[in-house]
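Student: Right, I'll just put the structure down here and ask away after.
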Amino acid sequence: MAQILIRNLPDDLIADYREAAVRNQRSLEAEVRAALAARRPHKPLSKDEIRAKLAEIRAMTPEGVTQTPSEVLIREDRDSR
């Protein structure tokens, strides 16, 4: 695993992470690691990954079931007011 060194962090930021580490019963390093993992940068999906995800979503609809077009649902909602 790789390591990084981050310099010049504000003392109050470190204090906040120390308090969170105590609350979560882990080390400061583990707390910062968890925070970084939770805020991982968004990585765009490849075309193949998008196709696979869409196929997975389509598979959730049972065979023979037709979907109501969104414009119909929006129109019904608008007209009901």
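Rule-based calculations on the coordinates, nothing more; no lab input. No experiment lies behind these values; they were computed from the predicted model shown. We place every Cβ from the backbone using ideal geometry, glycine too, and count neighbours over all the protein chains shown.
Student: Taking the options 63, 76, name whichever one is in a helix (DSSP H, G or I) and loosely packed, with under 11 Cβ neighbours inside 10 Å.
Tutor: 76
Student: For segment 22-53, enumerate the residues that are surrounded by fewer than 12 Cβ atoms within 10 Å (Cβ to Cβ), among the basic types (Lys, Arg) and not in a helix (DSSP H, G or I).
Tutor: 39, 40, 43
Student: Now for a different question. Could you count how many residues in segment 26-78 are over 30 Å from residue 16 (Cα atoms) and not hydrophobic (A, V, I, L, M, F, W, C)?
Tutor: Of the residues in segment 26-78, 23 are over 30 Å from residue 16 (Cα atoms) and not hydrophobic (A, V, I, L, M, F, W, C).
Student: Please identify the pairs in which a residue from segment 14-39 that is touching a residue at least 24 places away in the same chain (Cβ under 8 Å) and of a type in the set (A, V, I, L, M) has its Cβ atom under 8 Å from the Cβ atom of a residue that is exposed (fewer than 12 other Cβ atoms within 10 Å of the Cβ) and part of a helix (DSSP H, G or I), counting only partners at least 6 apart or on another chain.
Tutor: Filtered contacts from segment 14-39: no entries.
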